[in-house]
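The values are calculated or read from the model by the stated rules, or taken from the named source; none is laboratory data. Only a predicted model underlies this, so the values are computations on that prediction, with no experimental measurement involved. Note that we place each Cβ from the backbone using ideal geometry, even for glycine, and neighbour counts take in every protein chain shown.
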């Protein structure tokens with residue numbers, strides 16, 4: 001169960017489990033995908049899973065926070 005863990009925390013834990021720096025991890029995923037691609041009966045779900053894992057671990061996406069709208073000023077005077 002992931003719970004309320006941040007995505008960066010989950011990435012760090014998975015990287016630690018692989019026990020490799022980012023460059024080696026990317027190379028490992030690339031080798032695995034090439035090996036699967038050479039098989040005639042490669043499991044497409046396995047290939048897709050490896051690609052998604054690689055992309056999730058390698059790409060750190062910075063989310064753009066939505067800007068707050070300025071308060072509306074009404075033309076009323078009391």
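The residue pairs whose first member lies in segment 29-47 and is on the phi < 0 side of the Ramachandran plot and without any contact (Cβ under 8 Å) to a residue 40 or more places away in the chain, whose second member is assigned to a helix (DSSP H, G or I) and surrounded by fewer than 12 Cβ atoms within 10 Å (Cβ to Cβ), and whose beta carbons are closer than 8 Å, counting only pairs six or more residues apart or on different chains, are 47/37. When 33, 7 are checked against the criterion of being at pLDDT below 80 and surrounded by 10 or more Cβ atoms within 10 Å (Cβ to Cβ), 7 stands alone in meeting it.
Only one of 42, 56 is closer than 24 Å to residue 6 by Cβ and surrounded by 10 or more Cβ atoms within 10 Å (Cβ to Cβ). Can you tell me which? Talk me through it step by step, then tell me what you get.
On the way: 42 fails: closer than 24 Å to residue 6 by Cβ.
Answer to the check: 56.
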